[in-house]
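The next block holds one structure in the form of structure tokens; read it before the comments.
The values are calculated or read from the model by the stated rules, or taken from the named source; none is laboratory data. As the structure is a prediction and not an experimental result, all values here were calculated from the model. Here the Cβ positions follow ideal geometry from the backbone for every residue, glycine too, while neighbour counts run over all protein chains shown. Protein only, heavy atoms only, side chains kept; ligands, DNA and RNA dropped before computing areas. Shrake-Rupley method; radii C 1.70, N 1.55, O 1.52, S 1.80 Å.
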Amino acid sequence: MTNYAENVTVPVVTIDGPGGAGKGTVASAIAAAKGWHLLDSGALYRIIAVAGLAQNIALDDAQALVEMAKGLEISFAHEQVHVNGENFTDAIRTEDAGNSASQVASLPTVRDAIFNLQQGFRRAPGLVADGRDMGTVVFADAPVKIFLDASAEARAERRYNQLKNNGLGVNLRALLEQIQERDARDRERAVAPLKPAKDALIIDSTKMTIDEVVATVMAQISSKIE
Ligand code: DC
């Protein structure tokens, strides 16, 4: 068994929050600025959902999903995601993949199956981990915890503009409904629900630029770690 105890002194910054609040962009910027490792935990749930569907596994079949997850060789390198040698980068980024990920993420045994894998990302000189339960469960001892929020309307609008810029036709109202549905599932599930850790700094990014959010997080890191 891997002993992760030796890594507990490695600093971790956790960034949790609902989809579309800017967690991924902020986490990448902080990791690049600090020269630290990055864990996009949502990508792991997306991979399990997409790989499961490709093998005709139902998204509520916890046992089959866990068995399948054990056999996945996952690599994150150069902003590309490979699973068992296949490029999954684009397939996991669709709205459908996000909704499917939210479904598999509500299964406790699926969450348990990737717990150690996630903790293995904690390596020197530091880690920035984004998701829903990074500060509450996976890295509960992290010295810096951020909960990045934004109104559902702002998040839907950002996603709408992103998809439109990529030349994809989307409906803002449908997008908002999907976001609200996913929020409700992530917040109301029994295990590791989306909520701020007690010691998290809550940042509402509704009216902030990414640069302002990054500056706020960097200031928090300086005050807590350096
Ligand atoms: O952050 P994201 O949109 O890529 O995450 C996709 C889904 O995965 C999200 O709706 C809920 C789930 N998730 C989770 O339950 N716990 C995490 N730490 C990260 C994501």
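Data overview
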quantity: Selected residue (criterion: modelled with the highest pLDDT) from residues of the range 80-132 that are acidic (D, E) and within 12 Å of the ligand (Cβ to nearest atom); calculated: D130
quantity: Where A31 falls short, out of the listed (1) assigned to a helix (DSSP H, G or I); (2) at pLDDT below 95; (3) more than 15 Å from the ligand (Cβ to nearest atom); calculated: (2)
quantity: Residue in the range 52-72 that is touching a residue at least 12 places away in the same chain (Cβ under 8 Å), closer than 16 Å to R185 by Cβ and within 13 Å of the ligand (Cβ to nearest atom) present; calculated: yes
quantity: Residues located in the range 101-116, provided they are open to solvent by less than 60 Å² (accessible area, probe 1.4 Å), in a helix (DSSP H, G or I) and in contact with a Leu (Cβ under 6 Å, 6 or more places away or on another chain); calculated: V104, V110
quantity: Which numbered condition V144 misses (of (1) open to solvent by less than 10 Å² (accessible area, probe 1.4 Å); (2) within 27 Å of A64 (Cβ to Cβ)); calculated: (2)
quantity: The range 173-191 residues that are open to solvent by 40 Å² or more (accessible area, probe 1.4 Å), paired with ones that are part of a helix (DSSP H, G or I) and at pLDDT below 90 (beta carbon under 8 Å, 6 or more apart); calculated: Q178/E95
quantity: Options R189, R185, R158; residue that is within 14 Å of the ligand (Cβ to nearest atom), touching a helix residue (DSSP H, G or I) at 6+ places or on another chain (Cβ under 8 Å) and either at pLDDT below 95 or farther than 24 Å from A32 by Cα (or both); calculated: R185
quantity: Close pairs from the range 77-106: first farther than 17 Å from V191 by Cα and of a type in the set (F, W, Y), partner in a strand (DSSP E or B) and open to solvent by 50 Å² or more (accessible area, probe 1.4 Å), Cβ under 8 Å, at least 6 apart; calculated: F88/H82
